[in-house]
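What follows is one structure encoded as structure tokens, with my remarks underneath.
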Amino acid sequence: KKKRIESLENKTYRNITIRLRHAKWNRLKKKYRAEYESLLDVFDGQKKFIYIPLHYQPECTTAPMGGVYADQILMVNTVAASLPDDWIVYVKENKIQWSFPYTHATRYSGYYKEMKKNKKVCFVSTDTSTFDLINYSQAVATVTGTAGWEAIMRLKPVLLFGFPWYMHCEGIFRVDSVEGCKRAVEKIKTGFVLDEKRILRYLSAMEMVSAPGYLHKRYAKNSGVSREQNTKNISDYIYECLNKNK
């Protein structure tokens, strides 16, 4: 049998060819995982640190939503270069980076070693609780990740490199350089505190400019919205926005 695969060339391959390719890619991912795990450090919540959960790639959350910071080594080095002498960075890889199809394409042999060249960068096990890392951290740094929003919900500041939906919320420091990072870290260091009321106002504003629904069938079950109502909600909202722009 032959199967059509996702590609610009719109090609079809025999199943055996596809299986052999996936076997090769799985071997690569196991190799990358072994490299990461050989560089692990022991997590110490007493240290002052910025928590950076790496993004699963390839995905739109980094390309295009992260711009140049789709290169996560650049992001980590930018944060590390902005820190006081007694602060470090704890980096945690995303587990699905080593299991999903095509993820071999965004890591390479030496990727983690390159990131670890910076003496301020420490790796933690993927089994370490992300919520423990957020709670013990001074701040979270991310391109567009969910961990950024989870940090805001725990009243932790966020160094944000990309363009997610929560980018204008209270507690977000938009950064795109070492200098910008340094200014943000200095504010955090001197006692920056999030205003919970401003976060609630942001959520209220988001509710006012959004419509209930889902963009993919995988979210239908938990949405509480039927397929027909979902279609109507989204189309009505688009129509309303277009009319406002007129």
Exercise for review: Check E186, E179 and return the single one that is surrounded by fewer than 18 Cβ atoms within 10 Å (Cβ to Cβ), part of a helix (DSSP H, G or I), among the charged types (D, E, K, R) and over 23 Å from the mean Cα position of the chain (by Cα).
Suggested key: E186
Practice item. Output the residue which, of all residues in the stretch 51-68 that are crowded, with 23+ Cβ neighbours inside 10 Å and closer than 24 Å to P101 by Cβ, is nearest to the chain's Cα centre (by Cα). Key: H55
Exercise for review: Could you please give the count of residues in the stretch 79-109 that are under 18 Å from L160 (Cα atoms), out of contact with any strand residue (DSSP E or B) (no Cβ under 8 Å at 6 or more places or on another chain) and hydroxyl-bearing (S, T, Y)?
Suggested key: 1
Review point. Could you list, in sequence order, the residues of the stretch 209-241 that are over 26 Å from the mean Cα position of the chain (by Cα) and open to solvent by 100 Å² or more (accessible area, probe 1.4 Å)?
Key: R227, E228, K232, Y239
Check your understanding: Taking the stretch 154-168 only, how many residues are open to solvent by less than 10 Å² (accessible area, probe 1.4 Å), hydrophobic (A, V, I, L, M, F, W, C) and in a loop (DSSP other than H, G, I, E, B)?
Key -> 1
Check your understanding: For residues in the stretch 127-153 being assigned to a loop (DSSP other than H, G, I, E, B), open to solvent by 20 Å² or more (accessible area, probe 1.4 Å) and polar (S, T, N, Q), which is farthest from E59 (Cα to Cα)?
Key -> Q138
Check your understanding: Got at least one residue in the stretch 112-123 being open to solvent by less than 40 Å² (accessible area, probe 1.4 Å), modelled with pLDDT of 95 or more and in a helix (DSSP H, G or I)?
Key -> yes
Practice item. Check whether at least one residue in the stretch 27-43 is over 19 Å from P164 (Cα atoms), in contact with a Pro (Cβ under 9 Å, 6 or more places away or on another chain) and hydrophobic (A, V, I, L, M, F, W, C), and report yes or no. Key: no
Exercise for review: Any residue in the stretch 217-230 that's in contact (Cβ under 8 Å) with a residue 24 or more places away in the chain: show its pairings with residues that are open to solvent by 60 Å² or more (accessible area, probe 1.4 Å) and in a helix (DSSP H, G or I) at Cβ separation under 6 Å, as long as the two are six or more apart or on different chains.
Suggested key: none
**Study point:** Count of residues meeting criterion [in contact (Cβ under 8 Å) with a residue 60 or more places away in the chain, open to solvent by less than 60 Å² (accessible area, probe 1.4 Å) and assigned to a helix (DSSP H, G or I)] in the stretch 23-50
**Key:** 6
Review point. Before we move on, is T126 in contact with an Asp or Glu (Cβ under 6 Å, 6 or more places away or on another chain) and β-branched (V, I, T)?
Key: yes
Review point. Quick check, is L83 at pLDDT 95 or above, part of a loop (DSSP other than H, G, I, E, B) and of a type in the set (A, V, I, L, M, F, W, C)?
Key: yes
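The values are calculated or read from the model by the stated rules, or taken from the named source; none is laboratory data. Being a predicted model, the structure only gives us computed values, none of them experimental. Every residue, glycine as well, gets a Cβ built from its backbone with ideal geometry; the counts of neighbours run over all protein chains shown. We work out accessible area using only protein heavy atoms, side chains counted, and drop any ligands, DNA or RNA first. Shrake-Rupley method; radii C 1.70, N 1.55, O 1.52, S 1.80 Å.
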